[in-house]
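A.B. asks: Quick one: this structure, given as structure tokens, is what I'll be asking you about.
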Amino acid sequence: FTNEVSQAHGNEFEARQMAIKGPLGRVVRTPVRLLAAITDFAHTLNYSGELNSLAYKAASGEGLTGDALATRAAELFANPTEDMKNAAFEYARKQTFQSDLTGGVLGGVKDMLATGRRKIPGGRWALPFLRTPMNIIQESVDFSPIGLAKVAGRALSGENMAAQQTGKALLGSAAWAWAFSHAARGDISGAGPSNYQDRLRLESQGWQPYSIRVGNRWVSYRYLEPLGAVLSAASEVAEKLR
């Protein structure tokens, strides 16, 4: 993927300026370049999939069925409207955690961190990525009882809530409740005890942080974002209460 493709997709992993030139710079930037390529690849897959879905929805809305439906969907996929392209683009950005957060508490936090990163010397080195982690936090909030409360509040105010947003809030709240009940029994772990000796004792028994007990083994859920953050939050609350 080219730098132009990454910037067009709003990929924050693609460097806008190259601080180190030449072969050494390419070596130094290899991990970030890989992240940029993976993000662009995921963006392309999500864009294509959503565009295909929108094409079938539009063709179905015209009352077509069978071969006529498939033919019309293929035509719309090959020549999508601007609205379809924009919708697929925004969907792909959201799925790759590259959306622009504006407004709300997290939007304000992001703007504050971005300002501090610009003004404080070395801020960009200390906080190289901002959009992706903030979007992961936002998704984690949406998949939680907080997200469910937001959906309920907006629905009561008369706002027409999207089925996908409501579904995420319900699914996340159910996952939160499930994780809380299992964490309360000690089958899902959070950060664990802060006391060093207590931690050593648990680890000697095979325990590990941010994991789910499966039989006699502990399996990490650290990289199951945004669900991992939901499990972590529920486990932390349960551990503190215990």
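A.B. asks: I want to check a number: in the chain, how many lysine pairs have alpha carbons closer than 17 Å, given a sequence separation of 8 or more or different chains?
C.D. replies: Lysine pairs satisfying the spacing and distance rule in the chain number 6.
A.B. asks: Give the residue list of GluC sites (Glu not before Pro) in the stretch 53-109 that are DSSP loop and have at most 15 other beta-carbon atoms within 10 angstrom.
C.D. replies: Working: sites: Glu62, Glu75, Glu82, Glu90; in loops: Glu62.
Passing both the DSSP loop test and the Cβ count: Glu62.
A.B. asks: I need the calculated FRET efficiency for the pair Ile38 and Arg154, taking r as the beta carbon distance and R₀ as 41 Å, to the nearest 0.05.
C.D. replies: It comes to 0.75.
A.B. asks: A follow-up question, please. Only four residue types carry charge here, +1 at the Cβ of Lys and Arg and -1 at the Cβ of Asp and Glu. Report the dipole size of the stretch 130-214 about the Cα centre in Debye, rounded to the nearest 20.
C.D. replies: Approximately 20 debye in magnitude.
A.B. asks: Keeping the other protein chains in place, figure out the carbon and sulfur percent of the accessible area of the chain, with a 1.4 Å probe.
C.D. replies: In the chain, the share of accessible area belonging to carbon and sulfur is 61 percent.
A.B. asks: Give the Rg (one decimal place) followed by the Dmax (whole number) of the stretch 38-161, computed from C-alpha coordinates and expressed in Å.
C.D. replies: Every Cα atom of the stretch 38-161 included, Rg and Dmax give 19.2, 62 Å.
A.B. asks: Next up: Using the eigenvalues of the Cα gyration tensor, what equivalent ellipsoid semi-axes result for the stretch 66-120 when each is taken as the square root of five times the eigenvalue, whole Å, largest first? List each step's numbers first, then the result.
C.D. replies: Values: eigenvalues 318, 19, 13 Å².
In descending order, the three semi-axes are 40, 10, 8 Å.
A.B. asks: Would you mind computing, in nm to one decimal, how far apart the modelled labels at Leu45 and Thr115 are, each placed 7 Å from Cα along Cα→Cβ?
C.D. replies: 3.9 nm
A.B. asks: Same structure, new question: Quick one: Cα centre-to-centre distance for the stretch 216-230 and the stretch 86-147, in angstrom?
C.D. replies: For the stretch 216-230 versus the stretch 86-147, the Cα centre distance is 22 Å.
A.B. asks: Near the amide H of Ser220, under 5 Å away, which other amide H atoms are found, from residues 5 or more places off or on another chain, if H is placed in the peptide plane?
C.D. replies: The list, which skips near neighbours in sequence, is Ile212.
A.B. asks: Set Lys and Arg Cβ to +1 and Asp and Glu Cβ to -1, take the dipole of the chain about its Cα centre, and tell me which of Val230, Leu156, Ala73 lies farthest positive.
C.D. replies: Comparing the listed Cα positions along the dipole, Val230 ranks first.
A.B. asks: In debye to the nearest 20, how big a dipole does the stretch 38-153 give about its Cα centre with +1 on each Lys and Arg Cβ and -1 on each Asp and Glu Cβ?
C.D. replies: Computed charge dipole of the stretch 38-153: roughly 740 debye.
A.B. asks: Who wins for biggest fluctuation among Glu225, Glu203, Glu12 in a Gaussian network model of the chain, springs between alpha carbons below 10 Å?
C.D. replies: In the Gaussian network model the winner is Glu203.
A.B. asks: Give, rounded to the nearest 20 debye, the magnitude of the charge dipole that the chain has about its Cα centre when Lys and Arg contribute +1 at Cβ and Asp and Glu contribute -1 at Cβ.
C.D. replies: Charge dipole of the chain: 1060 debye, to the nearest 20.
A.B. asks: If you wrap a convex hull around the C-alpha atoms of the stretch 126-185 and split its volume per residue, what is the figure in Å³?
C.D. replies: 105 Å³
A.B. asks: Additional query: So the label point goes 7 Å from the Cα of Ala177 along Cα→C-beta, right? Which residues of the stretch 125-152 then have their backbone N under 19 Å from it?
C.D. replies: Within reach of a label on Ala177, which here means backbone N under 19 Å from a point 7 Å along Cα→Cβ, the stretch 125-152 contributes 141-152.
The values are calculated or read from the model by the stated rules, or taken from the named source; none is laboratory data. Fair warning: this is a prediction, and the values are worked out from it, not measured in the lab. Note that we place each Cβ from the backbone using ideal geometry, even for glycine, and neighbour counts take in every protein chain shown. All accessible areas refer to the heavy atoms of the entire protein, side chains included, with ligands and DNA or RNA removed. Shrake-Rupley method; radii C 1.70, N 1.55, O 1.52, S 1.80 Å.
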